[in-house]
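Chemist: Mind looking over this structure? Questions follow.
The values are calculated or read from the model by the stated rules, or taken from the named source; none is laboratory data. Keep in mind that this is a model prediction, so the values were computed, not measured. Cβ sites come from the backbone with ideal geometry, for glycine too, and all protein chains shown count toward neighbours. Heads up: the accessible areas ignore ligands, DNA and RNA and are worked out on the full protein's heavy atoms, side chains in. Shrake-Rupley method; radii C 1.70, N 1.55, O 1.52, S 1.80 Å.
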Amino acid sequence: MPDRRPTAAERQARLAAVRAEQRKKERGRAVWIGSIAGVLVLALVGVSAWVIVDAGRDKAALQAQADADIEGVEAFDGLTFDHVTTAVDYPQSPPAGGDHNAAWLNCGVYTEPVPDENAVHSLEHGAVWITYDPALPAADVATLQAFAENQSYVLVSPYEGLDSSPVAVSAWGYQLKVDSVDDERLPVFIQKYLLNPELAEVGAPCSSGVGTPA
């Protein structure tokens with residue numbers, strides 16, 4: 001008997017719980033920053049307050065961009081989601097959905113290539129997968145890895161065989177390839193497609209699977 005797909009109400013409840021956990025992590029980080037700021041001189045406290053306000057404005061601006069179409073994003077329809085035990089010949093490189101292994105890949109940063117079939121399962125759970133040419137300079141790799149900080153649903157890994165661009169960012173059904181790690185569309189893509197509520201498995205775990213992040 002095939003697995004029952006979650007109802008819309010179940011998906012929304014699970015997504016709400018995941019986002020609440022994400023907000024809890026962000027609040028914890030804010031409290032930690034605030035405790036450090038408390039021991040600084042008054043002038044520095046003023047600067048810290050300005051930084052927090054400025055960060056809020058940046059986040060609002062990022063969301064506004066994510067609400068619009070992102071130039072260069074490819075969309076893929078008709079993706080299947082069956083569990084398989086064999087390798088899959090995906091039409092995209094890296095893949096952006098399709099049949100996948102029953103075990104999902106734990107989200108986080110990887111320094112070696114990861115199996116497509118496990119990473120695709122993570123995409124079904126709402127993850128965003130950042131892949132890069134292994135020849136990318138270390139400083140550029142560090143820039144990409146920073147996107148996974150304080151994020152429970154971001155994967156970062158090198159990927160052999162990237163063709164047209166050295167960086168590709170993928171979500172289930174969507175992909176963007178860019179020539180620079182500083183491309184302003186990268187954080188917008190993550191904001192737009194991370195934990196996409198349209199996915200049937202959104203909010204399912206991106207931990208307790210396979211793989212050991214660095």
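Chemist: How do Thr7, Thr131, Thr85 rank by accessible surface area computed with a 1.4 Å probe, from largest to smallest?
Modeler: Working: Thr7 65, Thr131 0, Thr85 140 Å².
Heavy-atom accessible area, descending, gives Thr85, Thr7, Thr131.
Chemist: Full-extension gain between Arg57 and Asp82, please, as 0.36 nm times their residue separation minus the C-alpha to C-alpha distance. Display every interim value, and only then the final one.
Modeler: On the way: separation 25, 0.36 × 25 = 9.00 nm, distance 4.15 nm.
Going from the current span to full extension adds 4.9 nm.
Chemist: Place the peptides 161-167, 62-68, 89-95 in order of packing, highest mean first, counting for every residue the other Cβ atoms within 10 Å and averaging per peptide.
Modeler: Per-residue Cβ counts within 10 Å, averaged per peptide and sorted highest first, yield 89-95, 161-167, 62-68.
Chemist: Working from the pairwise distances between different alpha carbons, so that the mean of 1/r is found and then inverted, what is region 72-159's Kirkwood radius in Å?
Modeler: On the way: mean 1/r = 0.0741 Å⁻¹.
For region 72-159, the Kirkwood estimate is 13.5 Å.
Chemist: Of the listed peptides 109-121, 173-185, what is their order by residue-averaged count of other C-beta atoms within 10 Å, with the highest listed first?
Modeler: Values: 109-121: 19.8, 173-185: 16.8.
By packing density, highest mean first, the sequence is 109-121, 173-185.
Chemist: Just the number, please: carbon plus sulfur as a percent of the accessible area of region 126-193, 1.4 Å probe, no ligands or DNA/RNA counted.
Modeler: The computed percentage sits at 45.
Chemist: Sticking with this structure for a sec: Would you please put 123-130, 69-76 in order of how densely packed they are, using the mean number of other Cβ atoms within 10 angstrom per residue and starting with the highest?
Modeler: With the highest mean Cβ count within 10 Å placed first, the list reads 123-130, 69-76.
Chemist: To the nearest 0.05, what FRET efficiency results for Glu21 and Ser164 with a Förster distance of 30 Å applied to their C-beta separation? Let's see the in-between values first.
Modeler: Values: r = 36 Å, r/R0 = 1.21.
Step by step, r from the Cβ atoms, then E = 0.25.
Chemist: Okay, moving on. Cα centroid distance between region 146-176 and region 59-92, in Å?
Modeler: Here the answer is 11 Å between Cα centres.
Chemist: Additional query: Give me the distance in nm between label points sitting 7 Å out from Cα along the Cα-to-Cβ direction at Asp140 and Ala8, one decimal.
Modeler: Taking the simple label geometry, Asp140 and Ala8 are separated by 4.3 nm.
Chemist: If ligands, DNA and RNA are left out, what is the accessible area of Cys206 with a 1.4 Å probe, given in Å² to the nearest 10?
Modeler: Ignoring ligands and nucleic acids, Cys206 comes out at about 10 Å².
Chemist: Another one. For region 88-136, what does the alpha-carbon gyration tensor say about shape, rounded, prolate or oblate, given a ≥ b ≥ c as the root eigenvalues, a/c under 1.5 as rounded, and a/b over b/c as prolate? Kindly include the intermediate steps, with their values, before the conclusion.
Modeler: Values: a/c = 1.82, a/b = 1.29, b/c = 1.41.
Judged from the Cα gyration tensor, region 88-136 comes out oblate (a/c at least 1.5, b/c at or above a/b).
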